[in-house]
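The values are calculated or read from the model by the stated rules, or taken from the named source; none is laboratory data. If you're wondering where the values come from, they're calculated on a predicted model, not measured in any experiment. Virtual Cβ from ideal backbone geometry, glycine too; neighbours counted across all protein chains shown. Heavy atoms of the whole protein, side chains included, go into the accessibility calculation; ligands, DNA and RNA do not. Shrake-Rupley method; radii C 1.70, N 1.55, O 1.52, S 1.80 Å.
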Amino acid sequence: MKQFISFVKKEFYHIFRDRRTMFILLGMPVVQIVLFGFALTNEVKNSRIAVLDHAKDNESSVLINQLDASKYFDVQQIIQSDHEIEPIFKQGKVKMVVIIPPSFQEDLRHMNKSSIQLIADASDPNVANTLTNYATALIMDYQKSITQNQKIPYTINTEVRMLYNPQLKGAYNFVPGVMAMVLLLVCTMMTAITIVREKEMGTMEVMLVSPMKPQLVVMAKAVPYLLLSTINIATILLLSVFVLEVPINGSIVLLVAASILFILVSLSLGLLISSGAESQQTAMFISLVALFLPTIMLSGFMFPIENMPLPLRTFSNIVPAKWYYNIVKGVMIKGLNVFGIWKELLILTGMMLFFLTIAIRQFKIRLQ
Amino acid sequence: MNQTKVIITDKLTKRFGGFTAVDAICFEVTKGEIFGFLGANGAGKTTAMRMLCGLSFPTSGKAMVAGFDVYKENEKIKQNIGYMSQKFSLYEDLTVKENMQLYGGIYGKSNAFIKQKTESILTELDIKKEANVLVKSLPLGWKQKLAFAVAIFHEPEIVFLDEPTGGVDPVARREFWNMIYNAAATGVTVFVTTHYMDEAEYCNRVSIMVDGKIEALDTPHQLKQTYNAGSMDDVFLKLARKAVRTGD
């Protein structure tokens, strides 16, 4: 036990004395949450739009005011003719133009209908889509408010409710993704690199000549990263609850327990990589290519897996982060309990045992 | 000198597939002896040493280290040997003191032992002021001496030195050998591999390996007489010329 503690202590010295490592370990989760939370968001806020108001009547100005007042849009410019539309798009001044027809109020009052044209800059299709959806919704609201007292026959209203994430916040999606990414980075890449560094420096050999059992060396290496990654989980959860206002709907104990399981999977992967790699660069390269990229692409965090072709969908099943991502989303956002995520938990446990067995076997073979 | 044998090998052999790296070597090392283990690159020195340290299992033959069998009592051997590689194997981002504490801890020594031993090494090497300095900021010669002190920190019976003087200047090498003499005087057996033939002269006895076999084993003085050579360098060249294998 004393051996073990001495070794763990030394491992902490390594981490605390290396600023780069410290930064990656403790700064990374904060940086990622802040980046995804405030910069890399696909939500639409205060988008600049222009209005071409041919009607210039009461109703049209009410509508324009409502658009401007909403937090999604910011009416930047009132234009006077169709000729101005192209130039302002080309200058990139606005993302959408709302065109109100000449006899807007008349048509509404007498024919009970009118149409409004929305022209969006679809060079970014996602943004264009979101903008037109928001605008349509606002116009529908407006329509409802003016027809309140009138009886319109055969009106069918579709009412959409967004379950679990009523405001369609991006944070609900990326917080679980960032957790998976950070844990993989810290546990797998860092563990792999620190073990390979000892091989490179020749200190591993000295450890193997010592009475310290190889399994103990490896475990002692993993302990600090296990502790630090639980700090990371805490940081991410605190930031997401208090800064991004993402609730934790399910049991926090279950969430932490599942995270620790995922940490163990990542650590075993790190060990596996370190037993194969001979240099720190190789270890880093394998970690990035074999783990980080699939985690980003195939966990469902950036791109929906349902839309992928069958081979990729099948392949995504062996990406541990996919299962962890499902767990975090299930527990945090949907408030699932253990019975809702037992399949994922089982798969992760299986993966951990599998990787750990190979890693330990590899380690022993190397000693012969 | 006490005549206890601390290393005994009998037809110790290591094969990798069809390649015989170490071919039935037989030798004995006496307690407190400085035993030079020489050979060209690829002669099998490192493999032989790895077997004695318990890092590698022999294919056949017998070997006893510090009274324990290399096949069965691997763990006991590890407790009784020290090891220093050519890379000096200290943790560069730990201080001098922390390195000693780490090795003391790994060998399961008590805190009192570690404290007292650390003090005596710091005094002996005259580096009390540098006790809390990171190892990476020390000059190479100091690192080397410190690495040796750390290798014998837990007071092993035998210390294995794998080309311990690589890249160090002649003055530092001379000082280093003084340390080895001091250690041997306290009863530690020193098993050292080297490329420097002048260092071979410092050893009590020298064995020279060629192509996995021990071609010669005697005191430096006797070897020079037997091979009718003026220096150990000449002895080595005469023997190594027979080698079929080259390189690592």
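Mind counting the residues in the stretch B:192-242 that are under 22 Å from B:Gly42 (Cβ atoms) and open to solvent by less than 40 Å² (accessible area, probe 1.4 Å)? The total comes to 21.
All conditions but one from (1) buried (at least 22 other Cβ atoms within 10 Å of the Cβ); (2) farther than 25 Å from A:Glu198 by Cβ; (3) of a type outside the set (D, E, K, R) apply to B:Thr186; the one that does not is (1). Kindly indicate whether A:Asp107 is surrounded by 13 or more Cβ atoms within 10 Å (Cβ to Cβ) and of a type in the set (D, E, K, R). Answer is yes for this residue.
Quick one: is B:Val70 open to solvent by less than 10 Å² (accessible area, probe 1.4 Å), within 18 Å of the chain's Cα centre (by Cα), more than 26 Å from B:Asp198 (Cβ to Cβ) and in contact (Cβ under 8 Å) with a residue 60 or more places away in the chain? In short, no.
Here the stretch A:78-91 is the region considered, the condition is being among the polar types (S, T, N, Q) and open to solvent by 100 Å² or more (accessible area, probe 1.4 Å), and the residue that is nearest to A:Lys45 (Cα to Cα) is A:Gln91. Against the condition within 26 Å of B:Lys14 (Cα to Cα) and touching a helix residue (DSSP H, G or I) at 6+ places or on another chain (Cβ under 9 Å), how does B:Val206 come out, does it pass? Considered against the rule, which asks whether it is within 26 Å of B:Lys14 (Cα to Cα) and touching a helix residue (DSSP H, G or I) at 6+ places or on another chain (Cβ under 9 Å), B:Val206 comes out as yes.
Return the residues of the stretch A:207-232 that are within 11 Å of chain B (Cβ to nearest Cβ), open to solvent by 10 Å² or more (accessible area, probe 1.4 Å) and hydrophobic (A, V, I, L, M, F, W, C); say none if nothing qualifies. Across the stretch A:207-232, the qualifying residues are A:Leu208, A:Leu216.
Cβ separations smaller than 6 Å between residues 6+ apart or across chains give the following pairs from the stretch A:121-145 residues that are closer than 17 Å to A:Phe73 by Cβ to residues that are assigned to a helix (DSSP H, G or I) and aromatic (Phe, Trp, Tyr): A:Asp121/A:Phe89. Among residues of the stretch B:73-88 being open to solvent by less than 20 Å² (accessible area, probe 1.4 Å) and farther than 25 Å from B:Leu140 by Cα, the one that is nearest to the other protein chains (Cβ to nearest Cβ) is B:Lys78. Condition (residue is within 14 Å of chain A (Cβ to nearest Cβ) and open to solvent by 10 Å² or more (accessible area, probe 1.4 Å)) applied to the stretch B:5-15: is it met by at least one residue? Within the stretch B:5-15, one or more residues are within 14 Å of chain A (Cβ to nearest Cβ) and open to solvent by 10 Å² or more (accessible area, probe 1.4 Å). Of all residues in the stretch B:122-142 being open to solvent by less than 50 Å² (accessible area, probe 1.4 Å) and either more than 12 Å from chain A (Cβ to nearest Cβ) or without any contact (Cβ under 8 Å) to a residue 40 or more places away in the chain (or both), which is nearest to B:Ala185 (Cα to Cα)? Checking each candidate, the answer is B:Leu125.
When you look at B:Leu55, is it within 27 Å of B:Gln116 (Cβ to Cβ) and within 11 Å of chain A (Cβ to nearest Cβ), yes or no? Here the answer is no, as B:Leu55 does not meet what is asked. Please determine whether any residue of the stretch A:4-16 is loosely packed, with under 13 Cβ neighbours inside 10 Å and more than 14 Å from chain B (Cβ to nearest Cβ). Checked against the condition, which is being loosely packed, with under 13 Cβ neighbours inside 10 Å and more than 14 Å from chain B (Cβ to nearest Cβ), the stretch A:4-16 yields no hits at all. One residue stands out in the stretch B:89-121 among those that are within 8 Å of chain A (Cβ to nearest Cβ), within 27 Å of B:Gly67 (Cα to Cα) and assigned to a loop (DSSP other than H, G, I, E, B): the one that is modelled with the highest pLDDT, namely B:Tyr107. Once the stretch A:309-335 is narrowed to residues that are of a type in the set (S, T, N, Q) and either touching a residue at least 24 places away in the same chain (Cβ under 8 Å) or touching a helix residue (DSSP H, G or I) at 6+ places or on another chain (Cβ under 9 Å) (or both), the residue that is least open to solvent (accessible area, probe 1.4 Å) is A:Ser316. One residue alone among A:Leu67, A:Leu131, A:Leu108 is over 30 Å from A:Val331 (Cα atoms) and modelled with pLDDT of 85 or more, and that residue is A:Leu67. Of all residues in the stretch B:219-237, those satisfying the criterion of being of a type outside the set (A, V, I, L, M, F, W, C) and either assigned to a loop (DSSP other than H, G, I, E, B) or under 15 Å from B:Glu199 (Cα atoms) (or both) are B:Thr219, B:Pro220, B:His221, B:Lys224, B:Tyr227, B:Asn228, B:Gly230, B:Ser231, B:Asp233, B:Asp234.
Here is a list of conditions, (1) within 37 Å of the chain's Cα centre (by Cα); (2) assigned to a helix (DSSP H, G or I); (3) β-branched (Val, Ile, Thr); (4) more than 14 Å from chain B (Cβ to nearest Cβ), and A:Val62 meets all of them except one; can you say which number that is? Of (1) within 37 Å of the chain's Cα centre (by Cα); (2) assigned to a helix (DSSP H, G or I); (3) β-branched (Val, Ile, Thr); (4) more than 14 Å from chain B (Cβ to nearest Cβ), only one is false for A:Val62: (1).
Determine if the stretch A:92-103 includes at least one residue that is open to solvent by less than 70 Å² (accessible area, probe 1.4 Å), on the phi > 0 side of the Ramachandran plot and not in a strand (DSSP E or B).
Going through the stretch A:92-103, the residues open to solvent by less than 70 Å² (accessible area, probe 1.4 Å) turn out to be A:92, A:94, A:96-101, A:103.
Checking the rest, the ones that are also on the phi > 0 side of the Ramachandran plot come to A:92.
Subset that is not in a strand (DSSP E or B): A:92.
There is at least one residue in the stretch A:92-103 that is open to solvent by less than 70 Å² (accessible area, probe 1.4 Å), on the phi > 0 side of the Ramachandran plot and not in a strand (DSSP E or B).
Might you check whether a residue that is within 14 Å of another protein chain (Cβ to nearest Cβ), at pLDDT 80 or above and either part of a helix (DSSP H, G or I) or open to solvent by less than 80 Å² (accessible area, probe 1.4 Å) (or both) occurs anywhere in the stretch A:40-50? Checked the stretch A:40-50: no residue is within 14 Å of another protein chain (Cβ to nearest Cβ), at pLDDT 80 or above and either part of a helix (DSSP H, G or I) or open to solvent by less than 80 Å² (accessible area, probe 1.4 Å) (or both).
Of the residues A:Phe292, A:Phe363, which is within 14 Å of chain B (Cβ to nearest Cβ), part of a helix (DSSP H, G or I), open to solvent by less than 90 Å² (accessible area, probe 1.4 Å) and out of contact with any Cys (no Cβ under 9 Å at 6 or more places or on another chain)? Don't jump to the end; show me each part of the working.
Numbers: A:Phe292 fails: within 14 Å of chain B (Cβ to nearest Cβ).
Only one candidate passes the filter, namely A:Phe363.
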